[in-house]
1. Please list 3J(HN,Hα) in residue order for segment 23-29, calculated via the Karplus relation 6.51 cos²θ - 1.76 cosθ + 1.60 where θ = phi - 60°; whole Hz, with x for glycine and proline.
2. Return the Rg/Rh value of segment 65-216, two decimal places, where both radii are evaluated on C-alpha atoms and Rh is the Kirkwood radius.
3. Per DSSP H run of n ≥ 4, the term is -39500 (n - 2.57); total these for the chain, divide by its residue number, and report the mean residue ellipticity at 222 nm rounded to 500 deg cm²/dmol.
4. How large is Rg over Rh for segment 220-285, taking Rg from the Cα atoms and Rh as the Kirkwood inverse mean of 1/r across Cα pairs?
5. Search the structure for amide H atoms under 5 Å from the amide H of Ile79, placed 1.01 Å from N in the peptide plane, and list their residues when 5 or more places away or on another chain.
6. Between segment 128-155 and segment 36-73, what is the separation of their alpha carbon centroids in Å?
7. Would you order Val158, Val99, Val174 from fewest to most other beta-carbon atoms within 10 Å of each residue's own beta-carbon?
8. Sort largest first and round to whole Å: the equivalent ellipsoid semi-axes of the chain, each the square root of five times a Cα gyration tensor eigenvalue.
Amino acid sequence: MKLRDYAQLMRLHRPIGILLLLWPTLWGLWFAGEGRPDLHIFIVFVLGVVLMRSAGCVINDYADRDFDPHVERTRERPIAAGRVSPREALALFAVLCLVAFALVLTLNPLTILLSLAGAFLAASYPFLKRYTHLPQFYLGVAFGWGIPMAFAAQTGSVPPLAWVLFAANVFWSVAYDTAYAMVDREDDLKVGVKSTAILFGRYDRLLIGVFHALTIALLAIAGALAARGFLYYVGLAAAALFALYQQYLIRSRERDGCFKAFLDNNRFGAVVFAGLALDYWSRVL
C-alpha cells in the first residue's frame with residue numbers, strides 16, 4: 001500500500017507530465033545528434049526525464065501540503081490526505097534526485113555542471129507560486145533545461161540553436177500550464193496561490209494563443225538554423241492545428257475543457273518530434 005502511495009505521489013499513474021518533459025528533451029537530442037543521438041545519452045535522458053518529473057511532483061506536493069487539502073482537484077493527494085508524511089516525501093525526493101545524478105555522472109563535465117542547475121530549478125519551482133504570478137515561466141525554464149543539457153551531452157557545447165529551442169519550450173510551457181492553471185483558478189484565488197491564469201484574467205485565451213504562436217515561430221527558426229526540410233514544417237503545421245483546437249476547448253473557460261486542452265499538448269509536442277524525426281530519417285534514405 002505504501003509503495004502505491006509513493007507511486008501516486010510521483011504521479012506515475014498520470015504520465016502527462018513525463019510526456020511534456022520528454023518531448024522537448026527529444027527535440028534537443030535529435031537536433032543535437034542530427035537525427036542520430038548516441039544510444040547511451042538517449043537512455044540516460046529518458047530515464048532522467050522519468051526520475052526528475054517524479055521528483056518534481058514529490059517536491060511540489062511537499063511545498064503545497066498546506067494548500068492541497070483546500071483545492072478540489074488535489075485534496076486526495078497522498079500528503080494532503082495524510083497517507084505519506086512530509087518527511088517521507090523529502091526522503092523520496094532526495095533518492096530520486098540522487099539516482100538521476102548518478103546517471104548524469106556517466107556523461108561529460110559540462111552536462112554534469114548543467115544538471116546541478118536543473119536540480120535547483122526542479123526543487124525551487126513549486127515555491128514560486130507564493131511570490132509571483134509567473135511560475136509558469138519558471139516551469140518552462142525547468143522543463144526546458146534538458147535541451148541545453150542534451151546539446152552539452154551530445155556535442156560538448158551549447159550553441160545558439162539550443163537556446164532557440166529552449167525559448168520555444170518556455171513559451172510552450174506557459175501556454176499549456178496557463179490552461180492547466182485555469183482549472184484551479186477559483187480555488188487558487190481563495191487560498192492565495194498565484195498563476196498566469198490569474199494574472200492574465202480575461203486575456204487568458206488570447207495570451208495562450210500568443211504563446212503557442214511564439215513557440216511555433218521559434219521552432220521554425222530552429223528548423224531554419226538546422227537546415228531542416230519539408231517534413232519538419234509539416235509537423236509544425238500539425239502542431240498549429242492542435243493549438244487552434246485547444247482554443248476551441250477553452251472557449252468557455254470550463255474546468256473540463258481547460259484540462260482537456262492541457263492534455264492535448266501531448267499531441268502538440270509529439271507531432272513536432274515526429275516531423276523532426278521523419279525529416280532526419282528521410283535525409284538518410
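1. Once θ is set to phi - 60°, the couplings for segment 23-29 become 4, x, 5, 5, 3, x, 5 Hz.
2. Values: Rg = 17.5 Å, Rh = 17.1 Å.
Radius of gyration relative to Kirkwood radius: 1.02.
3. On the way: 13 runs with 213 residues, N = 285.
Calculated at 222 nm, the ellipticity per residue is -25000 deg cm²/dmol.
4. Values: Rg = 14.3 Å, Rh = 12.7 Å.
My calculation puts Rg/Rh at 1.13.
5. Val84
6. 13 Å
7. Working: Val158 20, Val99 15, Val174 27.
So the residues, fewest neighbours to most, are Val99, Val158, Val174.
8. On the way: eigenvalues 180, 121, 44 Å².
One finds semi-axes of 30, 25, 15 Å for the chain.
Each value in this text was obtained by applying a stated rule to the coordinates, not by laboratory testing. Computed from a predicted structure; not experimentally measured. Virtual Cβ from ideal backbone geometry, glycine too; neighbours counted across all protein chains shown.
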